[in-house]
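Engineer: Okay, here's the structure, questions in a sec.
The values are calculated or read from the model by the stated rules, or taken from the named source; none is laboratory data. Model, not experiment: these values are computed from the prediction. Glycine gets a Cβ as well: all are built from the backbone with ideal geometry, and neighbour counts include every protein chain shown. Protein only, heavy atoms only, side chains kept; ligands, DNA and RNA dropped before computing areas. Shrake-Rupley method; radii C 1.70, N 1.55, O 1.52, S 1.80 Å.
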Amino acid sequence: MPKDNIITVTSPFLPDLKEFTSMLRTIWGSKWITNNGDFHKEFESALADYLKVPYVSLFTNGTLPLLIALQALQVKGEVITTPYSFVATTHSIWWNGCQPVFVDIDPATGNIDPDRIEEAITPRTSAIMPVHVYGMPCNIAEIQAIADKHGLKVIYDAAHAFGVEINGKSILNAGDMSTLSFHATKVFNTIEGGAMVMRDQETKRKIDYLKNFGFENETTVVGPGINGKMDEVRAAFGLLNLKHVEEAIEARRKAAIRYREGLKGIKGISFWDDLPEVKHNYSYFPIFVDEQEYGMTRDELYFKMRDYGVLGRRYFYPLISDFSTYRSLPSADPGNLPNAHRLADSVICLPMHHVLDDEDITRVLECIQH
Ligand code: T4K
């Protein structure tokens, strides 16, 4: 298969090179290339406006804000989380010296099942780290009610949930903090990058210190910080991409409509519909294969697609709880996580990005319509 014929699961949105070059000239002129420069400040403020959130702190990727959120909130002991995510979610808990406790998911959303959270709470539990997987909102109200009842912190891994709203309100305002990833593969990217969303200025100040080694000023270190800063080049890249993110999301929405039309008659293939109250970002398009009804296993379809040059991905297979670091935890027992296993064993994320054209989508659908 020639390389230009391959359809990848995603494709990064890139800013106009001329506009970007002009911003690079500004950076070259100022010689201020990192550490809270002008583009960094402008980007933080533009993001807070776009995302409808009070405060944003930029990061160099989407993993560090997870690590720092747990540090800042002094989370200790056990953290309840989902096994159905990218491994960075659980790694951030582990790196903080805490024990992840996996709770099964709701198969209708892929997100942690609030009805299963309370039974996992012990005297050592101090926080819940849910994930809005594929940008599908978690049951925020129920999770908050449980957290309030038991005095737990809630940190949302919102890496997939850029711009997602419920009834016009950002889901990034839920919990104590939410974190975002701006990795190249995300609906909005700064090449590598990420952010934390918080509710008050005092928390933002603290987080801004923590991502800069803990420095409050030239001579005072207020805590054991780390280096998580975004540089000026990527802040400029992000500012430009932000101007076009709505177009990118709209192109994805159209691709999702075409996929749904093409897939609805295929026995054994299921997918999720949009929720009327939600502004989705179409960051991923997962389908689920029922091998009995479809007549082929998920992996058979996955590899057949590869033969056609259609590179879907099995996000999120294997489950995090199946990786060697976490497998021996009591909550990683497959018997505790039946829904997560079912989803992980049946999912394929179809190619989903802003440059998919009709021909690409037809080719993806043709491999599935066997
Ligand atoms: N929490 C959650 C829930 C996450 O999903 C993630 C990251 C994080 C936290 C951590 O955020 P970061 O620290 O990463 O900001 C990707 C990403 O590396 C990762 O960011 C992402 N989640 C995860 C779900 O997927 P891979 O290994 O699947 O990416 P890769 O390199 O195989 O790329 C997939 C396809 O994308 C390629 O076939 C082609 C296309 N692509 C990729 C890159 C990197 C391009 O066209 N250009 C590119 O530059 O992990």
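Engineer: Determine which single condition residue 94 fails, assuming it passes every other condition in (1) open to solvent by less than 20 Å² (accessible area, probe 1.4 Å); (2) outside any strand (DSSP E or B); (3) within 16 Å of the ligand (Cβ to nearest atom).
Structural biologist: (1)
Engineer: Let me ask something else. Only one of these conditions is not met by residue 256: (1) in contact with a Leu (Cβ under 9 Å, 6 or more places away or on another chain); (2) over 24 Å from residue 49 (Cβ atoms); (3) away from the ligand (no atom under 16 Å from the Cβ). Which number is it?
Structural biologist: Failed condition: (1).
Yes or no, residue by residue, for (1) touching a helix residue (DSSP H, G or I) at 6+ places or on another chain (Cβ under 6 Å); (2) open to solvent by 10 Å² or more (accessible area, probe 1.4 Å); (3) within 18 Å of residue 154 (Cβ to Cβ):
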residue	(1), (2), (3)
15	yes, yes, no
24	no, yes, no
32	no, yes, no
47	no, no, no
63	yes, yes, no
66	yes, no, yes
71	no, yes, yes
86	no, yes, no
108	no, yes, no
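Engineer: Moving on to the next point. How many of the residues making up the range 110-134 are in contact with a helix residue (DSSP H, G or I) (Cβ under 9 Å, 6 or more places away or on another chain), farther than 20 Å from residue 153 by Cβ and touching a residue at least 60 places away in the same chain (Cβ under 8 Å)?
Structural biologist: Summing the residues that are in contact with a helix residue (DSSP H, G or I) (Cβ under 9 Å, 6 or more places away or on another chain), farther than 20 Å from residue 153 by Cβ and touching a residue at least 60 places away in the same chain (Cβ under 8 Å) in the range 110-134 gives 1.
Engineer: Out of 79, 154, which single residue is farther than 24 Å from residue 273 by Cα, surrounded by fewer than 24 Cβ atoms within 10 Å (Cβ to Cβ) and either in contact with a strand residue (DSSP E or B) (Cβ under 6 Å, 6 or more places away or on another chain) or β-branched (Val, Ile, Thr) (or both)? It would help to see each step written out before you state the result.
Structural biologist: Details: 79 fails: surrounded by fewer than 24 Cβ atoms within 10 Å (Cβ to Cβ).
Going through 79, 154 in turn, the sole match is 154.
Engineer: Tally time: how many residues in the range 49-61 are in a strand (DSSP E or B) and open to solvent by 10 Å² or more (accessible area, probe 1.4 Å)? Spell out how you get there, then give the answer.
Structural biologist: Going through the range 49-61, the residues in a strand (DSSP E or B) turn out to be 55-59.
Right, trim to open to solvent by 10 Å² or more (accessible area, probe 1.4 Å) and you get 55.
Result for the range 49-61: 1.
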